[in-house]
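Here it is, the structure, as structure tokens.
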Amino acid sequence: MSGLLLSVTTGELASVVEVGADLVEGTTALLGGIAGGFKRHYKSLRSGAVRLLFERRYGVRTSDVVSLEKFGLAHEERVYYSAANWQTLRRTLPRDAVNENDVFVDLGSGMGRMVLEAAWRYPFKKVIGVELSAELSEIARQNVAGTRLRLRCKDVELVSSDVLDYEIPRDVTVVFLNNPFRGETFAAVMRKLVASVDDNPREVTVIYFNPTEDEFLTSTGRFRHVRTVNRSRRDKQDGPFGTIRIYTITERAGA
């Protein structure tokens, strides 16, 4: 993404970061001027400014945080919408691991950020986003239709559906989740995914951002943890948030 941002003017970026820095300085002063807090807040605002400039440049809107209560869809097992970081896929899925026969699905795709990244960076045969909220799905459709990103994958499908009602295609090979649901909802969807693999044996990679249900996945005996990617190389996360875990689905015992 850094190469793409070169076309954004230095003055424009500096202006946004300067405003962010002023806000942080004021907040830090109120908190007693703690240097460590200042540094963390400054980095957060600077990163947010760059993301917003990127989205403005390429004609997309995915940065909002939205509660499902707004749409009358709140449920104890469903999580509010907040997009995974741009470059999440770049950090977890090597480009040479994807070819024109692969199919990507984001379960809980929201405004379509990972759908866009998948279609932009990789030669997938098809990219699918499945989202419960019709309103968020419509924003995703507008993002795909209006983006100035050059999408390598031209076949992008956005499905407005409860994931419990969604039939996972038999050719899906990469599954992405950003902690969209938990508990029995998560378990039911993963059972459907495993059943899809058993029905049509194939290699499937699962990329799970903020993996709150890791214990369930490993307890099934069907998901093999391949690796974990932290927010940065220096970060060592104590919990699931800010980490990405990558799995493959193993063959059924006796198959």
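Normalised by the number of residues in segment 99-236, what is the relative contact order in percent for Cα pairs under 8 Å and 6+ residues apart?
Details: 218 pairs, mean separation 31.6, N = 138.
Over segment 99-236, the number comes to 23 percent.
Cross-link list Lys70/Lys154; Lys154/Lys192; Lys70/Lys126: which exceed 29 angstrom alpha carbon to alpha carbon? Could the numbers behind the result be given before it?
On the way: Lys70/Lys154 32 Å; Lys154/Lys192 27 Å; Lys70/Lys126 31 Å.
Pairs exceeding 29 Å: Lys70/Lys154; Lys70/Lys126.
What is the dipole size for segment 185-235, taken about its Cα centre, with +1 at each Lys and Arg Cβ and -1 at each Asp and Glu Cβ, in debye to the nearest 20?
On the way: 9 positive and 7 negative charges, 50 e Å.
About 240 debye.
Can I ask one more? Between segment 164-228 and segment 138-159, what is the separation of their alpha carbon centroids in Å?
24 Å
Something else now. Under 5 Å between amide hydrogens, which residues at least 5 positions from Thr205 or on another chain qualify, with H placed 1.01 Å from N in the peptide plane?
Amide H neighbours of Thr205, under 5 Å, 5+ apart: Val174, Val175.
Only the coordinates and a few stated rules stand behind these numbers; no lab work does. Note that this is a predicted model, so its numbers are computed, not measured. Quick reminder, even Gly has a Cβ in these numbers, built from the backbone with ideal geometry, and neighbours come from all protein chains shown.
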